[in-house]
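Please read the structure below before turning to the comments.
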Amino acid sequence: MKTITFEKIENVRELFGQHNKNLANIAQKTGTTINARGSTVSISGDKKEIILAEKVLTQLYQLIEKKFSIEFSDIEAAINMLQNDIDCDIKSIFLSTILTTENGKPIAPKTSNQKKYVEALRENDILFAIGPAGTGKTYLAMAMAVAAFAKGEVKKIVLTRPAVEAGEALGFLPGDLAEKINPYLRPLYDALHEMFSFQKTQALIEQGMIEIAPLAFMRGRTLNNAFIILDEAQNTTSEQMKMFLTRIGFSSRTIITGDITQTDLPTGKKSGLVEAKNLLYNIKGIKILHFSKNDIVRHELVSKIIEAYEQKDNSKNK
């Protein structure tokens, strides 16, 4: 058994959660029994599980001391990280704020790999982020773009995606061109509106400082002094990826995100993202980062779903 006594009762209330819900969640996820009395907790279970629960509680408490507001997802992320690396410094990750939104919400990495992602952009002009859905690839890329723009490091933000997915051509959709491509670009708008107000986003778009367009619109251009994000890059062809990468101009930074396990290109068509990662991995100034199910920060079932599909794919390849 391990006993821990925390100092400040107001911090203890936030750590324990309403009706000790946070403690119950930590106990369940770590396989321990946690009992609280006042500001003291006792942890019982196997030695390894006790150490894990102790690390989770003490590091979350230290975050609260730093005025970090703990949410349910933070507890989940902390447990996952410490399960994978018991010496992981949760504080240094959660406190690495990229951006504070206009409504006061701090955006920061939630896994050690996400922190590496943010740090890699400081040393490389082109960054590939490859991994499953829910690992924060696009969301953090957007936060880094907005932060760079706010600091005056770039003059514009360019967001783009392939506009043909799951084998469906744009002509299949009703409406004019803008109405046809809008559903494909909606996730980028949603993330942007969370970081800027709707009014500010629209104003910046009208001024040309934020551009959101399908990948085909990049042809023939040179993008200088820009932060460029290519999302869903697994759905680019080889020709499209080459075209995109050769648009990058001076004083620009670029992030390319995608999940190579969810390519929607027609059968027999090679993904430009797969080809690019194999061709460019040893070029200085280009960094390729791979995310895994351990980096997923959505509902815990998402990682289990991905694991099930991975097992299915592995059994096919045997």
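Its residue count N sets the reference 2.2 N^0.38 Å, and the alpha-carbon radius of gyration of segment 32-85 equals 1.15 times that reference. Based on the alpha-carbon gyration tensor of segment 1-114 and its eigenvalue square roots a ≥ b ≥ c, which shape applies: rounded if a/c is under 1.5, prolate if not and a/b is larger than b/c, or oblate? Oblate shape, in that a/c is at least 1.5 and b/c is the bigger or equal ratio.
Cross-link pairs exceeding 22 Å in C-alpha to C-alpha distance, out of Lys110/Lys156; Lys242/Lys284; Lys29/Lys66; Lys29/Lys304; Lys200/Lys242; Lys67/Lys105, comprise Lys110/Lys156; Lys29/Lys66; Lys200/Lys242. Taking all protein chains together, Tyr117, Tyr281 sort by accessible area into Tyr281, Tyr117, largest first [probe 1.4 Å]. Relative to the current alpha-carbon distance between Phe198 and Arg122, full extension at 0.36 nm per residue lengthens the span by 24.5 nm. Computed over the chain, the per-residue total of -39500 (n - 2.57) for DSSP H runs of n ≥ 4 gives a 222 nm mean residue ellipticity of -14000 deg cm²/dmol, rounded to 500. Charge tally around Glu49: other residues with Cβ under 12 Å, Lys/Arg +1 each, Asp/Glu -1 each, net +3. Using the Cβ of Ala226 as centre and a radius below 11 Å, the other residues enclosed give a net charge of +3, where K and R count +1 and D and E count -1. Could you please state how large a percent of the accessible area of the chain is carbon and sulfur, counting protein chains only and using a 1.4 Å probe? That fraction is 50 percent. With Rh defined as the Kirkwood radius, the inverse of the mean 1/r over Cα pairs, the Rg/Rh of the chain is 1.02. When the surface is traced with a 1.4 Å probe over the full set of protein chains, Asp125 keeps roughly 90 Å² accessible.
Checking the cross-link filter: which aspartates and glutamates have an alpha carbon closer than 15 Å to that of Lys137, excluding same-chain neighbours under 8 positions apart? Within reach: Glu119, Asp190, Asp231, Glu232, Asp259, Asp295.
Annotation for segment 249-283 versus segment 116-146: alpha-carbon center distance of 14 Å. For segment 187-318, just say rounded, prolate or oblate: build the C-alpha gyration tensor, square-root its eigenvalues into a ≥ b ≥ c, call rounded for a/c under 1.5, and beyond that prolate if a/b exceeds b/c, oblate if not. Oblate shape, in that a/c is at least 1.5 and b/c is the bigger or equal ratio.
The values are calculated or read from the model by the stated rules, or taken from the named source; none is laboratory data. Keep in mind that what you see is a predicted model, and the values were worked out from it rather than measured. Cβ: placed from backbone, ideal geometry, glycine included. Neighbour counts: every protein chain shown. Each accessible area value is taken on the protein alone, full model and side chains, heavy atoms only, with ligands, DNA and RNA left out. Shrake-Rupley method; radii C 1.70, N 1.55, O 1.52, S 1.80 Å.
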